[in-house]
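Structure record follows, encoded as structure tokens.
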Amino acid sequence: VLSDILTVMRYIQAFISYTQTVRDQPDENADFLAMLGHTPQPATFMHGFHMAYYKDMGNAVTTMNLAFLNLPHWVYLREATDATTYQEILEEHEQIVTQLKEDRGEEIELLQSYRDFIVADNLMPFLDFTAAYGSYIISQREKRSGYAYQFSDHNLRRLFMSSQPTTYAPILENQGFQNIAYAIRQSTVIAQMRKKEGDRRYDVRYGLGQDLLRKSQYADEFLKAITEFITKYNAENAQVMETRSGPYRRSIRTEDVADIVQLIDAYQDAELICKMLIAFGYARDSKAKAPDTPDTSVTTSTEEE
């Protein structure tokens, strides 16, 4: 499975690199540029790869499986900066998938999920992967010497904003969405990191992502689950402010939950909003001084609820 992923990934990286090179030398590559068009896309230049898997049976080599790997349609090189953007996104993705082992049950399932994305026509399979990967991060880091890389929120945002059509922009730019993703991050990966450092002021919400995902089939149940989470989150913030010195986490306002309600109404898809919250909630804050550094913004009192 990993070889399938890397085959597609390597081709995309090579395509982007070569496209960038010929764009820098337009006079010498006029014919190739004309073939690429104004918006080069790997999937329109070549459809994919036929794959054959063989097994040595001792006295003969037998074909075990034939497959076709589609090239993704979510890579577009519209602007000059898109080449660098996608290369950085793919480098981060490669770092994450290559840490997964095919001989481990949970990890092979994650690899299969990511393969569904890397050959897809849209980004929805990626949200399926990140929904499962969040739990994997927590479980790995709970081990004494365990670790799992996170996606950065910066590269996640660039990936979704580069999609065509750009249907995700209203979600990513929504203040309530950003604030609740922050609360999820603070209650999971950041709280777990604080715990390892001996700071147990905030509880780690194990299984939060999966709990929200299970409720996301129905908008009312999902909103109830989000509200319950935020109520406990704000109550914990208030308790810590009474007994401990700062820095403190930001609290969540009722306006933030109202923003989520509006997004669900606009998209008519609670599961989409939930999966995006999980993706960004378990991602690394790119503005932190170092990877996985806890948020140090200070709030001296709880915000209006």
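The values are calculated or read from the model by the stated rules, or taken from the named source; none is laboratory data. In this text the structure is predicted, and so the values were computed from the model without any measurement. We place every Cβ from the backbone using ideal geometry, glycine too, and count neighbours over all the protein chains shown.
Things worth noting here:
- For region 63-80, the condition holds for no residue, the condition being that it is small (Gly, Ala, Ser), over 30 Å from Tyr168 (Cβ atoms), part of a loop (DSSP other than H, G, I, E, B) and assigned by TED's automatic domain parsing to the domain that holds Asp4.
- When Gln178, Gln210, Gln186 are checked against the criterion of being of a type outside the set (Val, Ile, Thr) and over 25 Å from Arg253 (Cβ atoms), Gln210 stands alone in meeting it.
- Verdict on Ala279 being hydrophobic (A, V, I, L, M, F, W, C), touching a strand residue (DSSP E or B) at 6+ places or on another chain (Cβ under 8 Å), closer than 22 Å to Arg157 by Cβ and modelled with pLDDT of 95 or more: no
- Restricting attention to region 64-83, the residues that are loosely packed, with under 14 Cβ neighbours inside 10 Å and not hydrophobic (A, V, I, L, M, F, W, C) add up to 4.
- Pair list, Cβ < 8 Å and 6+ apart or interchain, from region 212-224 residues that are surrounded by 13 or more Cβ atoms within 10 Å (Cβ to Cβ) to residues that are of a type in the set (S, T, N, Q): Phe222/Ser216
- Hey, Ile180 in a helix (DSSP H, G or I), under 17 Å from the mean Cα position of the chain (by Cα) and among the β-branched types (Val, Ile, Thr) or not: yes
- Single unsatisfied condition, Arg104 versus (1) over 21 Å from His47 (Cβ atoms); (2) in contact (Cβ under 8 Å) with a residue 24 or more places away in the chain: (2)
- Residue that is surrounded by the most Cβ atoms within 10 Å (Cβ to Cβ) [pool: residues in region 24-44 that are in contact with a helix residue (DSSP H, G or I) (Cβ under 7 Å, 6 or more places away or on another chain) and either without any contact (Cβ under 8 Å) to a residue 24 or more places away in the chain or outside any loop (DSSP other than H, G, I, E, B) (or both)]: Pro42
- Any hit, region 5-18, residues being modelled with pLDDT of 85 or more, more than 22 Å from Thr98 (Cβ to Cβ) and either touching a helix residue (DSSP H, G or I) at 6+ places or on another chain (Cβ under 7 Å) or not small (Gly, Ala, Ser) (or both): yes
- Top-ranked residue in region 84-141 [being surrounded by fewer than 19 Cβ atoms within 10 Å (Cβ to Cβ) and among the small types (Gly, Ala, Ser); ranked as nearest to Arg10 (Cα to Cα)]: Ala120
- Answer residue from region 238-259, given it is in contact (Cβ under 8 Å) with a residue 60 or more places away in the chain and touching an Asp or Glu at 6+ places or on another chain (Cβ under 9 Å) and is surrounded by the fewest Cβ atoms within 10 Å (Cβ to Cβ) among those: Glu255
- Within region 81-92, restricting attention to residues that are out of contact with any helix residue (DSSP H, G or I) (no Cβ under 7 Å at 6 or more places or on another chain) and not in a loop (DSSP other than H, G, I, E, B), the residue that is modelled with the highest pLDDT is Glu91.
- Taking the conditions (1) in contact with a helix residue (DSSP H, G or I) (Cβ under 7 Å, 6 or more places away or on another chain); (2) in a helix (DSSP H, G or I); (3) surrounded by 22 or more Cβ atoms within 10 Å (Cβ to Cβ) in turn, Tyr202 satisfies each one other than (2).
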